[in-house]
Amino acid sequence: MSLTARLSEALNPIVIKELRQAVQSRFVSAVLLVLLAIQLAAIAIYLLISRDVSGNFQAGQETFMILLGVLLAASLLFVPIYTAVRLLAERSDTNVDLLFITTIRPRSIIAGKLLAAAAITTLIFSACMPFLTFTYFLRGVDLPSVFIVLALSFTVIIVCSQIGVFIACLPGNRVFKVIYGLLALNTLWMAFGLTMAGAAGLMRFGVGSALNSWDFWGPALAIALVVLSMGGALFVLSVALITPATANRALPVRLFLSSAWLLSGVATAIWSRVEKTCEPVIVWMVLSVIIGCIALFAAVSEREQLGRRVARKVPVGWWRMIVFPFFSGAASGVVWSCLMIGFSLGFLWVWGEIFPGFKGQSDKREALIWMGGLSLYAYCYALTGAALRRYLLRRLPPGATWLVSVVLLALGSIVPFLIGYLLSFNEGWKTEEVGSWLIGNPFAWGIKESRELYFIFTCAWAAPVTAVNLPWLIEAVKNFRPFRESEPPSGIVELRLSE
Amino acid sequence: MKIEVVNLKKHFGHTHAVDDVSFAFSSGQVVGFVGPNGAGKTTTMRILATLDEPTDGDALLDGVSVVEEPERARHLIGYMPDALPTHRDMSVHDYLDFFARAYGIKGAKREQVIASVEEFTNLTPLREKMLNTLSKGMKQRLSLARALLHDPPVLIMDEPAAGLDPRARVELRELLRVLAAQGKAILISSHILTELAEICHGAVIIEQGRILTAGAIQDLLTNHIPRRAVMIRSLGEQEDLRRDLLELPRVEAVRLVGDEVAVDLDGPEEAACELLAALIARGHPIVEFRQQRANLEEVFMSITTGAVQ
């Protein structure tokens, strides 16, 4: 077997399919040709309008930034949108269903889409490389900076493609999809601006001399880790979204997030110890609690019954209860989110107690109050929504529970404030009065005068909410049992047919 | 290969899309899955294809549960959904190549398999054609080719003949006959009941998620017709024959149709025997006496009520 044939066999089928479709597509060819034409025109115009190119030692840098802007704008607009739209189109009919009855895994589908996006980006970059190389001869750029900027741009495009894939995987009707699309465009615009700003900085100062310094590699590695974690989280979430609801699809997501949480926690703890400041752990805790709160709202929308496919994966033995929070299911998700929030808050508090001399102790206290309060509200809203859906809004499917919780959150944040405004109209509000009318707003913990009130209120709310949901939670834990093999079927009517 | 659907239930909230459905059939048999829109046919088929999980019950393919072992079951099932392939910028051959890869068929074997299914479904001349240029009939053949790539012993076909012209329907029917002869077990849903009766060994009639009746086509045609129609030609006077017929028990109506007399009988097949005996006993010179067979469409109309949940 030839090398290409062997490579073809080893490749993900989705990559081959996507690339074949891209090659056949007139749209892709047109985009590539237009991009090359624009690059050529940009260089020509720059050279023609520049008066003294030979005497300008920044000519290469200026040209490079123009070409990079064109390349990045075109790639950021084309690759993520093209990848997302293709997936969206396939998800809108039965094509994804067809994939699920093959031996291909949802993970391979998402990985294939991303690899195809990477291949198309490589194709575009390769096509533009002669123009970018040309800038070197105009002086003002160093090769390490060029390669690092290109690597950075490439990474940004792939991460944006992952964002596009994630958005394409999100469930929702056309209205939601339009909203997602607008959010995605905004993200792409921000990514373009940030990348161009970063690239301009790198090109201006040059990275060639900084390559041997920790001042360069420290932030670079930190950014790479954040980007990798974010990309990884979006990847596992995308896989979970296209995995059938009957599968144990929450497991990889929770395992990934738990691992990322643990690793980033260790990294920030080391950083905090070295720098003798609580700041890195505070940032880690804030991010972890925000993720935990979002996960709470997502968890209450999961299936409440343990499906048989999930039940088959429940282990036998004492560690069944340890894996319970990681499995698919609303109760598991709620427990996992609460553990994530609790451990994050607890770790920061313990860290501050162990190292009282570290900088940022007051920030630590504020962060604990803010995020603790926020998560208490999130818990109350999410579980009130779940209880309402379960006992009063029974016609709603479990998948819509998050919507009930979000509506409650919106009402709780706005309605008391509006009532207060109407009652005190034209009388002029004092800060402490405003604070008490923001009692349903989880983001009002900045008003120090009202914190005690908020705390009493949320505790008084959390207690009945927990009491109402506790029987359901206990039932879910009891039902989290290993699957029992079904008995042989009986009583089937066999059709008496002659062949 | 034995396909057993066991007490299958699928509830969507308060709607019982599939409600305790059980039936079984074997290799080499073609079974029609018949019911009005919203009866639960597609839901049942999607469960069989491992795409949905039942609320309760199971489907077993030679003992392999589609609920408990979907990965194993997928190797045994070829599924043709009611939607047609719509991938953009893709040729027929590339489409089949992609799915063959997705089924894990590797190397030279893949090329052989694709060539073989292309030939079987008569797609060889169309292999370089783009999907968006294919007619509905071609797309149905392509969909069948895709379902056959991994040579599954069970085929589940959801409305494969919908929207096809008569020629394409005949071609599809012939392909199904060949596949059944090859020993594949085929479950097929369709609204074109006359066609189903021609190719199916048996049928399951479902409405509101429940099986109304199931069995061999001949049994259904015999046992589930509302009334029995008999055509009689006599060398004697038609009016005498008509008068005598009206005096006989179980005769509900008598009409003159050309040189024949059409009789509507109430009762089982034995009633027709008794009628013939009575007419001969009364001396009528009967030269032709035939029972008109009901078709599946009449059976369907007589059994179903058209109610939806």
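What to note about this one:
- Qualifying residue in the stretch B:123-142 (condition: touching a Phe, Trp or Tyr at 6+ places or on another chain (Cβ under 9 Å), buried (at least 19 other Cβ atoms within 10 Å of the Cβ) and under 30 Å from B:LYS2 (Cα atoms)): yes
- For B:ASN122, the conditions (1) within 11 Å of chain A (Cβ to nearest Cβ); (2) under 30 Å from the mean Cα position of the chain (by Cα); (3) assigned to a loop (DSSP other than H, G, I, E, B) all hold with the exception of (1).
- Residue match in the stretch B:35-47 (condition: among the small types (Gly, Ala, Ser) and at the interface with chain A (Cβ under 10 Å from one of its Cβ atoms)): no
- Sub-8 Å Cβ pairs linking a first residue in the stretch B:145-163 that is within 11 Å of B:ALA185 (Cβ to Cβ) to a second residue that is surrounded by fewer than 23 Cβ atoms within 10 Å (Cβ to Cβ) and of a type in the set (S, T, N, Q), at least 6 apart or interchain, are B:PRO153/B:SER27, ordered by first then second residue.
- The stretch B:166-199, subset assigned to a loop (DSSP other than H, G, I, E, B) and touching a Ser or Thr at 6+ places or on another chain (Cβ under 9 Å), residue farthest from the other protein chains (Cβ to nearest Cβ): B:LYS184
- Test for B:GLU71: is it more than 7 Å from chain A (Cβ to nearest Cβ), more than 25 Å from A:GLY112 (Cα to Cα) and out of contact with any strand residue (DSSP E or B) (no Cβ under 9 Å at 6 or more places or on another chain): no
- Conditions (1) closer than 30 Å to B:ILE156 by Cα; (2) in contact with a helix residue (DSSP H, G or I) (Cβ under 9 Å, 6 or more places away or on another chain); number of the one not met by B:GLN218: (2)
- A:GLY357 vs. criteria among the small types (Gly, Ala, Ser), out of contact with any strand residue (DSSP E or B) (no Cβ under 9 Å at 6 or more places or on another chain) and not in a helix (DSSP H, G or I): yes
- Of A:ILE294, A:ILE354, A:ILE270, all but one fail to be within 24 Å of A:ALA250 (Cβ to Cβ) and open to solvent by 70 Å² or more (accessible area, probe 1.4 Å); the exception is A:ILE294.
- When the helices (runs of 4 or more DSSP H) confined to the stretch A:1-90 are screened for residues that are surrounded by fewer than 16 Cβ atoms within 10 Å (Cβ to Cβ) and at pLDDT 85 or above, those reaching at least 1 such residues are found at A:13-24, A:26-49.
- Among the conditions (1) in contact (Cβ under 8 Å) with a residue 12 or more places away in the chain; (2) open to solvent by 40 Å² or more (accessible area, probe 1.4 Å), A:ALA119 misses just one, which is (2).
- Residue within the stretch A:294-312 that is modelled with pLDDT under 90, farther than 25 Å from A:LEU403 by Cα, of a type in the set (A, V, I, L, M, F, W, C) and not in a helix (DSSP H, G or I) present: no
- Some residue of the stretch A:32-47 being closer than 21 Å to B:ASP89 by Cβ, within 14 Å of chain B (Cβ to nearest Cβ) and in contact (Cβ under 8 Å) with a residue 60 or more places away in the chain: no
- Residue ID - most open to solvent (accessible area, probe 1.4 Å), chosen from residues in the stretch A:387-421 that are within 21 Å of A:ALA467 (Cα to Cα) and outside any helix (DSSP H, G or I): A:ARG394
- Within the stretch A:253-280, the set of residues being within 28 Å of A:ILE322 (Cβ to Cβ) and without any contact (Cβ under 8 Å) to a residue 24 or more places away in the chain comprises A:VAL253, A:SER259, A:LEU262, A:LEU263, A:VAL266, A:THR268, A:ILE270.
- Condition met for B:ALA108 (over 23 Å from B:ASP158 (Cα atoms), facing chain A (nearest Cβ under 10 Å) and without any contact (Cβ under 8 Å) to a residue 24 or more places away in the chain): yes
- Strands (runs of 3 or more DSSP E) wholly inside the stretch B:202-286 that include at least 1 residues being of a type outside the set (Phe, Trp, Tyr), more than 30 Å from B:HIS14 (Cβ to Cβ) and open to solvent by 50 Å² or more (accessible area, probe 1.4 Å): B:228-234, B:251-257
- Taking helices (runs of 4 or more DSSP H) as the structural unit, those lying wholly within the stretch A:138-252 and holding at least 1 residues that are of a type in the set (S, T, N, Q), farther than 30 Å from A:ALA127 by Cα and touching a Pro at 6+ places or on another chain (Cβ under 9 Å) correspond to A:214-242.
The values are calculated or read from the model by the stated rules, or taken from the named source; none is laboratory data. Being a predicted model, the structure only gives us computed values, none of them experimental. Quick reminder, even Gly has a Cβ in these numbers, built from the backbone with ideal geometry, and neighbours come from all protein chains shown. Surface accessibility is based on the protein's heavy atoms, side chains included, excluding ligands, DNA and RNA. Shrake-Rupley method; radii C 1.70, N 1.55, O 1.52, S 1.80 Å.
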